[in-house]
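> Here it is, the structure in full.
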Amino acid sequence: MVAPRLRSFRSEDEDACYEICLRTADDGGDASRLHHDPRIVGEVWVGPYLRLFPEFALVVEDEDGVGGYVVGAADTDRFDERAEREWYPPLRRRYPRGHFPAGTRDAALVDLIHAPPRTPREIVETHPAHLHIDLLPRLQRRGFGRKLMGAFLARVRAAGAGTVHLGCSPSNANAIAFYRHLGFEDLLAGAVWGRSTDFAGSAPESPFGA
Ligand SMILES: CC(C)(COP(=O)(O)OP(=O)(O)OC[C@H]1O[C@@H](n2cnc3c(N)ncnc32)[C@H](O)[C@@H]1OP(=O)(O)O)[C@@H](O)C(=O)NCCC(=O)NCCS
């Protein structure tokens, strides 16, 4: 039995990260039955980070493979610019509007591909970094979320970001309890949360904590 460990993302982890994204996309639970296309959730919520800002991405791996990740960017404006220029154009050709039946979750993702999610300007100005964090059930509630968060915050802090925000469904009670417990404050009706990147145990020189 090999103990799970954190490490930096590698390009061969991409498929596992897409799978984790899908399996945690229903308010933290498995959304695979809700999507006809198993890749489309990841194309919006993890793909651009892994491709454009892999230096901030970390994963947790155990003997069954990669089972959790944190992705994000130190500068949300820069992320949005690069995603618009480099990530979305080919996706828009692959997923034209109307590609899936109206009213389906896949169609809602196509809408996001054509009009990507944006955080309100005043939040990006006060909290320039942002992140997404997801772990499969087998790795939840074992301290890896805290470790991933600490390691990610150390990385964006080293890149110059003093504060961070994240988006969360207000109905994802477990994630909100986790964020609150880690010192995040509600910035927008339970849907956007923020805090300093100065996180105990996340000094840049020891990103993986104790
Ligand atoms: C939310 C999530 C990232 C938390 O990661 P985790 O590894 O389960 O959390 P940890 O075990 O590292 O918990 C860290 C701390 O938060 C607390 N915590 C975690 N979940 C909690 C909950 N539901 N209620 C209360 N406290 C909670 C832990 O008790 C722990 O406290 P401690 O470090 O002071 O002892 C993870 O459960 C997950 O990926 N869930 C499914 C996907 C998801 O919802 N992602 C977020 C989308 S916005």
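> Just the residues that are more than 7 Å from the ligand (Cβ to nearest atom), surrounded by fewer than 20 Cβ atoms within 10 Å (Cβ to Cβ) and over 17 Å from Ala25 (Cα atoms), please, taken from the range 135-158.
Within the range 135-158, just Ala158 meets the criteria.
> Within the range 56-70, can one find any residue that is under 29 Å from Leu6 (Cβ atoms), part of a helix (DSSP H, G or I) and touching a residue at least 60 places away in the same chain (Cβ under 8 Å)?
Filtering the range 56-70 down to residues under 29 Å from Leu6 (Cβ atoms) leaves 56-70.
The next check asks that each one be part of a helix (DSSP H, G or I); those that pass are 56.
Then keep just the ones that are touching a residue at least 60 places away in the same chain (Cβ under 8 Å); that gives 56.
Yes: the range 56-70 contains one or more residues that are under 29 Å from Leu6 (Cβ atoms), part of a helix (DSSP H, G or I) and touching a residue at least 60 places away in the same chain (Cβ under 8 Å).
> Determine if the range 27-34 includes at least one residue that is within 16 Å of the ligand (Cβ to nearest atom), in a loop (DSSP other than H, G, I, E, B), free of Cβ contacts under 8 Å to residues at least 60 places away in the same chain and surrounded by fewer than 17 Cβ atoms within 10 Å (Cβ to Cβ).
Initially, the range 27-34 is screened for residues within 16 Å of the ligand (Cβ to nearest atom), giving 27-32, 34.
With the extra rule that they be in a loop (DSSP other than H, G, I, E, B), the set shrinks to 27-28, 30-31.
Checking which are free of Cβ contacts under 8 Å to residues at least 60 places away in the same chain leaves us with 30.
Now drop any that are not surrounded by fewer than 17 Cβ atoms within 10 Å (Cβ to Cβ), which leaves 30.
Yes, the range 27-34 has at least one match.
> Looking at the range 159-180, which of its residues are within 17 Å of Arg78 (Cβ to Cβ) and either among the basic types (Lys, Arg) or surrounded by fewer than 16 Cβ atoms within 10 Å (Cβ to Cβ) (or both)?
Answer for the range 159-180, where residues must be within 17 Å of Arg78 (Cβ to Cβ) and either among the basic types (Lys, Arg) or surrounded by fewer than 16 Cβ atoms within 10 Å (Cβ to Cβ) (or both): Gly160, Gly162.
> Can you tell me which residues in the range 159-177 are over 14 Å from the mean Cα position of the chain (by Cα), near the ligand (Cβ under 7 Å from one of its atoms) and within 18 Å of Trp45 (Cβ to Cβ)?
Asn172, Asn174
Throughout, read-outs are computed from the coordinates displayed, never taken from laboratory work. Keep in mind it's a predicted model, so treat the numbers as computed, not measured. No Cβ is skipped: glycine too gets one built from the backbone with ideal geometry, and neighbour counts run over all protein chains shown.
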